[in-house]
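Peer 1: Below is one structure. I have some questions about it.
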Amino acid sequence: MCWVQPANEGSYDFAFIDADKENYVNYHEKLIKLVKIGGLLVYDNTLWGGRVSWPEDKVPPHFRPGRDAAIEFNKTITNDSRVEFALTSVGDGLNICRRIA
Ligand SMILES: C[S@@+](CC[C@H](N)C(=O)[O-])C[C@H]1O[C@@H](n2cnc3c(N)ncnc32)[C@H](O)[C@@H]1O
């Protein structure tokens with residue numbers, strides 16, 4: 001992420017995140033600085049095929065890392081006072097965050 005530099009802070013209107021789910025929390029910490037207040041960060045796959053709501057023992061093992069990462073990420077966003085968010089059922093789950101601080 002070579003564009004994560006102090007000179008770029010607060011200069012983006014929008015970011016779409018669709019890479020490795022285990023790093024979503026790390027990406028969020030970097031991107032929240034780059035997106036301006038009022039800007040949007042949209043995270044894909046945050047319902048993980050609905051498996052975020054399944055009991056862990058019902059989730060096939062190969063789906064668990066993604067499920068656990070999505071749960072951790074959504075909890076992090078819920079507790080992040082820098083954003084307001086809507087976790088939507090569009091596609092595989094889009095968590096739409098608006099930076100407010
Ligand atoms: C589901 S695809 C996203 C496709 C993208 N939204 C698009 O429309 O082209 C996931 C992408 O994340 C990338 N990716 C996976 N792990 C990554 C990592 N650790 N760092 C950076 N990119 C990663 C993959 O190479 C892949 O391109």
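Peer 1: Could you list, in sequence order, the residues of region 28-52 that are within 16 Å of the ligand (Cβ to nearest atom), under 13 Å from ASP80 (Cβ atoms), assigned to a helix (DSSP H, G or I) and not charged (D, E, K, R)?
Peer 2: Within region 28-52, HIS28, LEU31 meet the criteria.
Peer 1: Then there's this: Please go through region 90-101 and pick out each residue that is outside any loop (DSSP other than H, G, I, E, B) and either surrounded by fewer than 13 Cβ atoms within 10 Å (Cβ to Cβ) or at pLDDT below 95 (or both). Let's see the steps before the verdict.
Peer 2: So the first thing to find is which residues in region 90-101 are outside any loop (DSSP other than H, G, I, E, B), and the list is 94-99.
Result: no residue meets the conditions.
Peer 1: If you don't mind, there's one more thing I want to ask. Can you work out which of the residues in region 1-20 that are within 16 Å of the ligand (Cβ to nearest atom) and modelled with pLDDT of 95 or more is nearest to the chain's Cα centre (by Cα)? Reasoning before the result, please.
Peer 2: From region 1-20, those within 16 Å of the ligand (Cβ to nearest atom) are 1-4, 14-20; that's our starting set.
If we keep only those that are modelled with pLDDT of 95 or more as well, we get 14-20.
Values: PHE14: 13, ALA15: 10, PHE16: 9, ILE17: 7, ASP18: 9, ALA19: 10, ASP20: 11 Å.
By that ranking, first place goes to ILE17.
Peer 1: For region 53-76, which positions are closer than 27 Å to SER11 by Cβ and within 16 Å of the ligand (Cβ to nearest atom)?
Peer 2: If the condition is that a residue be closer than 27 Å to SER11 by Cβ and within 16 Å of the ligand (Cβ to nearest atom), then PHE73 is the only one that fits.
Peer 1: If you don't mind, another one. Filter region 21-51 down to residues that are within 11 Å of the chain's Cα centre (by Cα) and charged (D, E, K, R) and give me whichever is surrounded by the fewest Cβ atoms within 10 Å (Cβ to Cβ).
Peer 2: GLU29
Peer 1: Can you work out which of the residues in region 56-89 that are among the β-branched types (Val, Ile, Thr) and within 10 Å of THR46 (Cα to Cα) is surrounded by the fewest Cβ atoms within 10 Å (Cβ to Cβ)? Before you say what the answer is, go through the steps one by one.
Peer 2: First, pick out the residues of region 56-89 that are among the β-branched types (Val, Ile, Thr): 59, 71, 76-78, 83, 88.
Of the ones still in play, those that are also within 10 Å of THR46 (Cα to Cα) are 71, 88.
Details: ILE71: 16, THR88: 13.
Ranking the qualifying residues of region 56-89, first place goes to THR88.
Peer 1: Which of the residues spanning region 11-33 are among the β-branched types (Val, Ile, Thr) and touching a strand residue (DSSP E or B) at 6+ places or on another chain (Cβ under 8 Å)?
Peer 2: Kept after step one, since they are among the β-branched types (Val, Ile, Thr), are these residues of region 11-33: 17, 25, 32.
Correct list: ILE17, ILE32.
Peer 1: Another question about this same structure. Evaluate the following for ASN23: is it touching a Leu at 6+ places or on another chain (Cβ under 8 Å) and either at pLDDT 95 or above or within 16 Å of the ligand (Cβ to nearest atom) (or both)?
Peer 2: Answer is no for this residue.
Peer 1: Among the numbered conditions (1) under 23 Å from THR88 (Cα atoms); (2) out of contact with any strand residue (DSSP E or B) (no Cβ under 7 Å at 6 or more places or on another chain); (3) among the polar types (S, T, N, Q); (4) surrounded by 12 or more Cβ atoms within 10 Å (Cβ to Cβ), tell me where ASN8 comes up short.
Peer 2: (1)
The values are calculated or read from the model by the stated rules, or taken from the named source; none is laboratory data. Since the structure is predicted, the reported quantities are computational estimates derived from the model, not experimental observations. We place every Cβ from the backbone using ideal geometry, glycine too, and count neighbours over all the protein chains shown.
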